[in-house]
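Novice: One structure, as structure tokens, below. Some questions next.
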Amino acid sequence: MNARDLQKFFLSIVLPSILAISLFIISFYVVIIPSFKNNLMESKKEMISELTNSAWSLIDEYYIEYRDGHIGRDEAMQLAASRVGKMRYGDEKKDYFWITDMKPFMVMHPYRQELNGTDLSNYKDPRGKRLFVDAVEIIDKNGEGFIDYIWQWKDDTTLIVPKLSYVKGFPQWNWIIGTGIYLEDVKNEIKLLEKSLFRITFIIIIIISLSLLYIIRQSMIIENRRRKAENNLLLSQQKFKTLVESSTIGTLMMTENRIIYANQKFLDLSNHQRNDLYNKRIEDLFDLDWHSIVDSFKDPGKSITKEARIKSRDDTIEVLLSISKVAYNKAYSYIIVINELSTSSVIDRYSRVLQDDIQSSLLLLNQPVSHLIRDCLFCNLDTTISEAINHLKRKNRTALLVKQKGQIIGIITTSDFLNRGMSEEIALNSPVSSIMSAPVISVSENCLIHEAILTCRSHEISYLQVNDKEKECIGLLEYKNLLEVQQNHITQLFTETDMAESSGKLKDIYLRMNIIIELLANSGARPGNITRLISSFSDRINVRIIEMAIEKEGIAPCGFCYIAMGSQGREEQSLCTDQDSGIIINDSIENDETARLYFRKLGERIAADLNTVGYKYCRGNIMASNPQWIKSLVEWKTQFSSWINNSDTQSVLEVNIFFDFRAIYGDYSLSDKLRTHLNKVADRKAVFFYNLSQEIIKFKSPVGVFGKILGEQESPNSNLVDIKKLLMPVIGFARLYALRALISETNTLIRLERLRNSEDMPDDLVDKITEAYDILMEARLRTQLNFFVKGESPSNILDVNQLTDIEQATIRKVLLLINDLATKVRLDFKGTI
């Protein structure tokens, strides 16, 4: 079939059929269904107005009895309210009438009897609407009318849904009678109609489509056979052309240590222009010693293979050089073939180098510092230096903790005696307060070894006080002892991070750290410890990038604090992470536009360098490069107050990661003040916590009717699940209860521990949630590592079919627990009705 015949066939048969089907579908969804919706809503309005008139007539009968003197006024009103309160209608006989007066006070409500007799002037639904005041205004203006609001579902106090009510005044007694319909009922009726119409439409489309396909197929078979040979020939030619034009191998030719040729692939790799390249030496392009390579060519007929890095780019590119020595123009020249190493090749090489080092330190990384703690020696504040020295000599120790009224207020060490006592010529009979250091920095007994080392380094101290769960001192850690057991590759990477001078170098360190994370995960390390290590490393990279940015932009015009939010703020980062950050500026230059311009440029540079390293830009643009998230302390306080006091459910859910903020660099007191303000404003804000709870309540479990874990796509065969979305209800649960309890910590596991054995959080529930968190986080890390080792970008998408039956059963158990958490939240955080 030629093109003209095919066009004629399409215009005469296919196109009219498609138009007919389209018009058929449009008529249903544009005309019929909207008309049905309007008619249905009008009929519902008419129904509740007629029902209200019936109740009004009943009240009027009692009023006539009172007017004619048969009964007293109070008795008539009481009997009327009682009769109306017992009236029911609807399929389930649960729809009802209610009565208020014009003050407004609740006269009668059959399901909310606690409201009877109460003042409703300030009563609001969860959206802040004063529905009973609105009813009075409608009666004053028109005598009757409709109001919409949010109310409980019939007699179910746990379910809140939209409702439309008709109200009518009874002026003789200053009453308002009302009843309403639940808009969910109307929506369900419309959905049933839409489903029926969709099935009918789908069947018609299938029949017509199958008929068209059959006709088209029969018409095209002959033409396809004729063109098949021609297409195969053309395809072969295209494949050959593509193979030639898409070579992935760079090539250089050198003579007398001078480059005389470079192909386009190498120019793309090195970011050089062809003319500039000819003035370069080989050492200017690669980190290698060219003379030693030339000297190693004993047999000109053989090639030498060597790994190297291209030096002329900001980022790091690993390449494999294949160097051959050939005769050219009566002399020797060299042909260098450059293959870019894949990420997986680099990973394999680093893994081999790091394997032995990591294996030797795995146990230490997963252990707290408790086995390194030494018991303490104490002295009083008025103890003399001479007495303290003798005490240390007798006990063969190097440090004493100083107490006053039972509280530890300082520490003295042998270095204090040498550096302060002798250099300042302080008398030996002087009190130890003259040479002691204060305050004493402390860590918990569950602190990990690498965390203790970082604490010592950041405070430039040699001793740490160790506290138990009750914050009581149980011993001392010495920095020297920590270093002796922690001389491994992780410490080296942290040191290299602090010394790095470019984002390209940090990118290389970032890749090596991810390899260490892979080895830790494969060794069975706890997910919580792994994410804390990742976050600690991320903090160090952030700090170094901020320092480099300040070096380029100049000293900041005022004090500021760089804060992280989201997973970094919670110290729960994984391999698949983006940037969530902001800057708090000191209020002293709140209106200084020059200062704001400085911080905007600083934020842009920080975000760009973090993206180069591997921390991708935030899709929602919640980054320090966005002027919206560079605010003074006062502006941040105002912003959080607005979120807590004025936002609706959707707005709160969109910004919930902000409530996990944590200081990374700068003046930490700004972050502390903002956290104090947040706790103060959020305290007892029921509507805010109701809005925040919707993240957990609205979570839809991906477990099907028969217990199968369903994928996110609508196809029944879908098997892909976003493991991050499964974690969000657990994280949100801990955040919700921690904020209500005014807990300042942001880490999910620490929040749960702080909540343990509280009224809302029994001990066994914390254990179950912690176990569920570890299971999901381990699955997330392993999913990301599977992508990482293949040289692909880490992803949170888990293929359920790749899990064993036991693993699937474990995740199903976790999802059932999440459903239980949603039920608990629904009961604990009811909206005000």
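Novice: Shape verdict for segment 393-446, please, from the Cα gyration tensor: rounded (a/c under 1.5), prolate (a/b greater than b/c) or oblate.
Specialist: prolate
Novice: If you don't mind, there's one more thing I want to ask. Starting at 0 and stepping by 10 Å, how many percent of the alpha carbon pairs of segment 643-701 end up in each bin?
Specialist: P(r) over segment 643-701, rounded to whole percents: 20, 46, 25, 8, 0.
Novice: Could you run the Karplus curve 6.51 cos²θ - 1.76 cosθ + 1.60 with θ = phi - 60° over segment 408-415 and give me ³J(HN,Hα) per residue in whole Hz, x for Gly and Pro?
Specialist: Running phi through 6.51 cos²θ - 1.76 cosθ + 1.60 with θ = phi - 60° gives 6, 10, x, 9, 10, 10, 4, 5 Hz.
Novice: Also, quick follow-up: Rounded to a whole number, what is D in µm²/s for segment 782-833 from Stokes-Einstein with the Kirkwood radius over alpha-carbon pairs (4 °C, 1.567 mPa s)?
Specialist: Reported coefficient: 94 µm²/s.
Novice: Over all pairs of distinct alpha carbons, what does the Kirkwood formula give as the hydrodynamic radius of segment 582-625, in Å?
Specialist: On the way: mean 1/r = 0.0885 Å⁻¹.
When all Cα pairs of segment 582-625 are included, the Kirkwood radius is 11.3 Å.
Novice: On C-alpha positions alone, give me the angle between the axis of helix 385-395 and the longest principal axis of the chain, in degrees, nearest 10.
Specialist: Rounded to the nearest ten degrees, it is 80.
Novice: Counting only residues 5 or more places away or on other chains, whose amide H sits under 5 Å from the amide H of Tyr261 once H atoms are built in the peptide plane?
Specialist: Amide H to amide H, under 5 Å and 5 or more residues apart or across chains, Tyr261 pairs with Met253.
Novice: Describe numerically, in nm with one decimal, the distance between label points set 7 Å from Cα along Cα→Cβ at Glu189 and at Asp60.
Specialist: 2.6
Novice: OK, next. When every alpha-carbon pair in the chain is counted, what percent end up more than 46 Å apart?
Specialist: Tail of the P(r) past 46 Å holds 50 percent of the pairs.
Novice: Using just the Cα positions, wrap segment 732-779 in a convex hull and report its mean projected area in square nanometres, one decimal place.
Specialist: Its Cα hull, projected and averaged over all orientations, spans 3.0 nm².
Novice: Rounded to a whole number, what % of the accessible area of the chain do carbon and sulfur atoms account for, probe 1.4 Å?
Specialist: 51
Novice: Residues with beta-carbon under 15 Å from that of Asp119, excluding Asp119: net charge, scoring Lys, Arg +1 and Asp, Glu -1?
Specialist: Values: positive: Lys103, Arg112, Lys124, Arg130; negative: Asp101, Glu114.
Net local charge, Asp119 excluded: +2.
Novice: Distance check, please: which entries in Lys552/Lys601; Lys637/Lys680; Lys195/Lys725; Lys471/Lys685; Lys680/Lys725 exceed 19 angstrom between their Cα atoms?
Specialist: Lys195/Lys725; Lys471/Lys685; Lys680/Lys725
Novice: Quick one: Karplus J couplings for segment 624-639, per residue in order, coefficients 6.51, -1.76, 1.60, θ = phi - 60°, nearest Hz, x for Gly and Pro?
Specialist: 5, 7, 8, x, 4, 10, 10, 9, 6, 4, 4, 5, 5, 4, 4, 4
Novice: In segment 59-162, which trypsin sites (Lys or Arg not before Pro) fall in coil by DSSP and have 11 or fewer other Cβ atoms within 10 Å?
Specialist: Counting only loop positions with at most 11 other Cβ atoms within 10 Å, the trypsin sites (Lys or Arg not before Pro) in segment 59-162 are Lys93.
Novice: Amide H to amide H under 5 Å from Tyr463: which residues, 5+ apart in sequence or cross-chain, H placed 1.01 Å off N in plane?
Specialist: Amide H to amide H, under 5 Å and 5 or more residues apart or across chains, Tyr463 pairs with Tyr479.
Novice: With +1 on the Cβ of every Lys and Arg and -1 on the Cβ of every Asp and Glu, and nothing else charged, how large is the dipole of the chain about its Cα centre, in debye rounded to the nearest 20?
Specialist: 2200
Novice: Something else now. How do Thr804, Thr746, Thr251 stack up against each other in accessible area, from largest to smallest, with a 1.4 angstrom probe?
Specialist: Thr804, Thr251, Thr746
Novice: Further question on the same structure: Pull up all non-local amide H partners of Ser581: gap of 5 or more, or a different chain, and H-to-H distance under 5 Å with H placed in the peptide plane.
Specialist: Those lying under 5 Å, H to H, from Ser581 are Met565, Met623, Ala624.
Novice: Between the DSSP loop rule and a limit of at most 15 other Cβ atoms within 10 Å, which trypsin sites (Lys or Arg not before Pro) in segment 615-644 are left?
Specialist: Arg619
Novice: With a cut-off of at most 16 other beta carbons within 10 Å, and DSSP calling the residue loop, which GluC sites (Glu not before Pro) in segment 82-138 qualify? Please list them.
Specialist: In loop regions of segment 82-138 (DSSP not H, G, I, E or B), the sparsely surrounded GluC sites (Glu not before Pro) are Glu92.
The values are calculated or read from the model by the stated rules, or taken from the named source; none is laboratory data. Keep in mind that this is a model prediction, so the values were computed, not measured. Cβ sites come from the backbone with ideal geometry, for glycine too, and all protein chains shown count toward neighbours. Quick note on the areas: whole protein, heavy atoms, side chains included, nothing else; ligands and nucleic acids left out. Shrake-Rupley method; radii C 1.70, N 1.55, O 1.52, S 1.80 Å.
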